[in-house]
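Take a look at the structure set out below.
Read-outs throughout are calculated quantities, based only on the coordinates presented, and are distinct from any laboratory measurement. If you're wondering where the values come from, they're calculated on a predicted model, not measured in any experiment. No Cβ is skipped: glycine too gets one built from the backbone with ideal geometry, and neighbour counts run over all protein chains shown.
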Amino acid sequence: MRHSRLWTWHILAGLVILVLLGLHMVIMHLDEVLPLAGLNPAGGEAIDWANVAARAKLGFFMASYIVLLGAALFHGLYGLNTIIGETNVGAGLKRFATACLMVMGVALFVVGTYAAIAARGLAMKG
């Protein structure tokens, strides 16, 4: 039961990644083809500092970065843990790998979330 619930979350995380990376592709790489009002207000390239700072001021982008980070970490690390679980290593090593992946995932999520919040704070000041 637990495995099927985690697998469902794995699939849902993949769908979240698909949607948010699709949005990223439109904003960052297709801005001339599909100009979205207000997302690149300074004109020019999407990675110009004025455009990056303008997007950083929007709470939506901070939230979407955090959600994307969480979905990508869960999807990737759960997939890696599943691969490790299908190998012939001992049960103790599988538990150790699971614990290491969980600690690494939580640590990366905390650091990434801090970075997204700090980036918004810096953009709001400037």
- prompt: Given [x] 36, 17, 11; [y] 33, 21, 11; [z] 22, 17, 14, which label gives semi-axes √(5λ) of the Cα gyration tensor in Å as computed from the coordinates?
  reply: [x]
- prompt: Hey, what did the range 2-125 get for relative contact order, percent, Cα under 8 Å, at least 6 apart?
  reply: 29 percent
statement: What helix-only [θ] at 222 nm does the chain give? Using -39500 (n - 2.57) per DSSP H run of at least 4, over all residues, to the nearest 500, the answer is -27500 deg cm²/dmol
field: Residue order, fewest to most beta carbons within 10 Å, for ARG2, ARG120, ARG55, ARG95
entry: ARG2, ARG95, ARG120, ARG55
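Under 11 Å from the Cβ of ASN40, count the other residues' Cβ atoms, weight Lys and Arg +1, Asp and Glu -1, and hand me the total. Please report the intermediate quantities before stating the final value.
On the way: positive: ARG55; negative: ASP31, GLU32, GLU45, ASP48.
Neighbour charge sum, excluding ASN40 itself: -3.
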R0 of 22 Å, Cβ-Cβ distance VAL89-HIS3: FRET efficiency to nearest 0.05: 0.75
query: Residues in the range 106-120 near a label at LEU58, defined as backbone nitrogen under 19 Å from the 7 Å Cα→Cβ point?
result: 116-120
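Between ILE117 and MET28, 0.36 nm times their residue separation minus their Cα-Cα distance comes to what?
30.0 nm is the gain from fully extending ILE117 to MET28.
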query: In the chain, which whole DSSP H runs stretch at least 30 Å along their own axis (Cα) and average 1.0 or higher on the Kyte-Doolittle scale?
result: 2-29, 59-85, 91-125
message: Test of understanding: in a Gaussian network model of the chain with alpha carbons linked when under 10 Å, which of ILE66, ILE84, ILE17 would top the mean-square fluctuation ranking?
response: ILE84
- prompt: Using 0.36 nm per residue, how much length does the chain from ALA42 to MET102 gain when fully extended, once their Cα-Cα distance is taken away?
  reply: 17.5 nm
